[in-house]
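The values are calculated or read from the model by the stated rules, or taken from the named source; none is laboratory data. Every value quoted in this text rests on a predicted model; they were computed, and no experiment measured them. Glycine also receives a Cβ, built like all others from the backbone with ideal geometry; neighbour counts cover every protein chain displayed.
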Amino acid sequence: MTRTIAPSSRTLTRRAWLAAAGLAGACLASAQPPEPSDDQPIFSSNVRVVSLLATVATKKGEIVRDLTKDDFTLLEDGRPQSIRYFSRETDLPLTLGLLIDTSMSQEKVLDKERGASFRFIDQVLRDTKDQFFILQFDMGVYVRQKLTASRKELDEALNYVDTPTRRELNMPSGAGTRLYDAVVVSSRDVMKDRHDRKAIIIMSDGVDTGSQATFAESLEVAQRNDTLIYSIYFSDSGAYFGGAPDGRGVLERLARETGGGFFEVTRKRPIEQIFATIQDELRSQYSLGFVSDVPVTVHGFRKLQLTAKTKGLQVQARDRYWAAR
């Protein structure tokens, strides 16, 4: 069941958790545009369609589901683009990863995270369409369950997600929290060859101590592989001597710049409620597609700006995509 992936490897022994649970961003579709319907244009196989997933909400956070393509304005590097593909009901298959911070700073909140994950999988996973994976990170990055549509396999994997044992903490490598490496592994090694909606949910305090990758590198890998990031900030202020480092900004940027969402667990907003909001967003996305007016001659990022014409509406979408020849 356990899969050990770079940046470092080791043999793990984890305490099984046996208590019952209480409980896309813009992507470059290289040569395979979305399936056409009666109101969608048909593209030849040599046309590169850039597709963009977006969520629209009011200032109060209420999701708006009844917009048309004429309600949006789309810019690429400041140039207006014609939206040639549009769908209000995104029923595409979903590839989703749960990234769980199992470092000692999360020891007191881990049971709540794990319990909410059980229910989220049960409510969101569609056996015939979706695939999920589970990854935990602390001093290393470990895929507990590779992509699967089996609730049983996912539930069993969650049972073994736990903080390091005392013996592991006393090992020479027994320190650090490799958040950035976890994002890289998920986006590059798991999501790279997936062509459906791709998202990861990070449950962490956002503090990284020991990754080989930098923050900028992890963000770029996620963006190049069209991976939405939803960040759930779950902090235990008593876990650090001398005060907890503030990882909020890291999680906010990862979410904002990939087109996902940032959430903070509080007494008024428990993790179960946050998972329900994420589920609602994933099932309420707009899918837009366009063909750039400037052919790609050199690989690189291009800036995107998607806005709603109606005043007061907030559009959640990634702000750049990787253009490749």
With the structure loaded, tell me whether L158 is aliphatic (A, V, I, L, M), under 20 Å from D111 (Cβ atoms), part of a helix (DSSP H, G or I) and modelled with pLDDT of 95 or more or whether it fails that test. no
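This table checks each residue for (1) closer than 21 Å to V50 by Cα; (2) surrounded by 15 or more Cβ atoms within 10 Å (Cβ to Cβ).
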| site | (1), (2) |
| --- | --- |
| F263 | no, yes |
| T277 | no, yes |
| P295 | yes, no |
| R302 | yes, yes |
Counted residues in region 266-283 being farther than 18 Å from L92 by Cβ and touching an Asp or Glu at 6+ places or on another chain (Cβ under 9 Å) come to 2
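Condition check ((1) more than 30 Å from D236 (Cβ to Cβ); (2) surrounded by fewer than 19 Cβ atoms within 10 Å (Cβ to Cβ); (3) in the same structural domain as T310 (by TED's automatic domain parsing)) across all residues:
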position: R119; (1), (2), (3): no, yes, no
position: Q131; (1), (2), (3): yes, no, no
position: G140; (1), (2), (3): no, no, no
position: R144; (1), (2), (3): no, no, no
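Does L313 satisfy the criteria of being aliphatic (A, V, I, L, M), in contact with a Lys or Arg (Cβ under 9 Å, 6 or more places away or on another chain) and more than 28 Å from R126 (Cβ to Cβ)?
Considered against the rule, which asks whether it is aliphatic (A, V, I, L, M), in contact with a Lys or Arg (Cβ under 9 Å, 6 or more places away or on another chain) and more than 28 Å from R126 (Cβ to Cβ), L313 comes out as yes.
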Take L96 and decide whether it is in the same structural domain as N225 (by TED's automatic domain parsing), part of a strand (DSSP E or B) and either modelled with pLDDT of 90 or more or within 24 Å of E281 (Cβ to Cβ) (or both). yes
Odd one out for V184, checked against (1) of a type in the set (V, I, T); (2) under 27 Å from Q305 (Cβ atoms); (3) surrounded by fewer than 17 Cβ atoms within 10 Å (Cβ to Cβ): (3)
